[in-house]
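Here's the structure, in structure tokens; my notes come after.
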């Protein structure tokens, strides 16, 4: 399959006129200095990052993983039924989404949580047109519970929502400043890529996102921007073309 060259594919460190983006964060990012769970101060720091981008006029939606509370694959590896373990992981993402909603609204950013698993007492069910309308009205939308189905990661859920929302790019916030040839925390000789094609990521088996998510982004010609979300101000810098990142898009 030949990579599609997105019309909105930004070059490395080049400014781009984004209208709507999806920010994908890992659940582990919310732990802060803790070994487990949710750290309210860390949530607030990330909320300020999102607020800065939101106030610049860009429509923002988010997906947050659940690995800080429960990871379905890990549960299955210990003998749990994979389907049950994945549903538990989806519930963890709802908890994280509610924590981030609270942090955002505490600093004046109107936010809605939509869950792929209906849970109307605590959040809205996922409705595509309603989510689009929320963003058009200036609200941040956090998508929880992945795709609502077991055997799919939150990366795939993020890719799906980015396509459904018509996002200009998917921003993948990690603990390192881009995609490397190896784990830079373990291999001092690992090199960082400025840019990659979707096929490069799949053929080299680079573990930045799962293959289903990468394929979905390729089919919909949506660039993926990988950056270090734990660096204060980095999200806005990358959006403005000043920050260190790796761009994944068509050739």
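The values are calculated or read from the model by the stated rules, or taken from the named source; none is laboratory data. Small disclaimer: the values here were computed from a predicted structure and weren't measured. As a convention, Cβ positions derive from the backbone with ideal geometry for all residues, glycine included, and neighbour counts pool all protein chains shown.
Exactly one residue out of 243, 173 is surrounded by 15 or more Cβ atoms within 10 Å (Cβ to Cβ) and in a loop (DSSP other than H, G, I, E, B), and it is 243.
Being within 18 Å of the chain's Cα centre (by Cα) and not in a loop (DSSP other than H, G, I, E, B) is a condition met by no residue of the range 184-195. Within the range 81-118, the set of residues being assigned to a loop (DSSP other than H, G, I, E, B) and surrounded by fewer than 16 Cβ atoms within 10 Å (Cβ to Cβ) comprises 81, 107, 108, 110, 118.
A single entry from 230, 192, 161 fulfils the requirement of being more than 24 Å from residue 136 (Cβ to Cβ), in contact (Cβ under 8 Å) with a residue 60 or more places away in the chain and outside the structural domain of residue 62 (by TED's automatic domain parsing): 230.
Considering each residue of the range 10-36, count those that are crowded, with 17+ Cβ neighbours inside 10 Å and at pLDDT 85 or above, and give that number. Of the residues in that region, 13 qualify. All conditions in (1) in a loop (DSSP other than H, G, I, E, B); (2) over 21 Å from residue 64 (Cβ atoms); (3) touching a strand residue (DSSP E or B) at 6+ places or on another chain (Cβ under 8 Å) hold for residue 167, with the sole exception of (2).
Mind checking which residues of the range 119-137 are over 18 Å from the mean Cα position of the chain (by Cα) and either buried (at least 20 other Cβ atoms within 10 Å of the Cβ) or not assigned by TED's automatic domain parsing to the domain that holds residue 55 (or both)?
Listed by number, the residues that qualify are 123, 134.
If you scan the range 203-240, which residues turn out to be assigned to a helix (DSSP H, G or I), within 22 Å of residue 55 (Cα to Cα) and within 16 Å of the chain's Cα centre (by Cα)? Write out each step before concluding.
Just the residues of the range 203-240 that are assigned to a helix (DSSP H, G or I), to begin with: 203, 211-219, 234-239.
Filter once more, so that each one left must be within 22 Å of residue 55 (Cα to Cα): 234-239.
Matches in the range 203-240: 234, 235, 236, 238, 239.
For the range 57-80, taking the residues that are surrounded by fewer than 20 Cβ atoms within 10 Å (Cβ to Cβ) and at pLDDT 95 or above, the one that is nearest to the chain's Cα centre (by Cα) is identified as 58.
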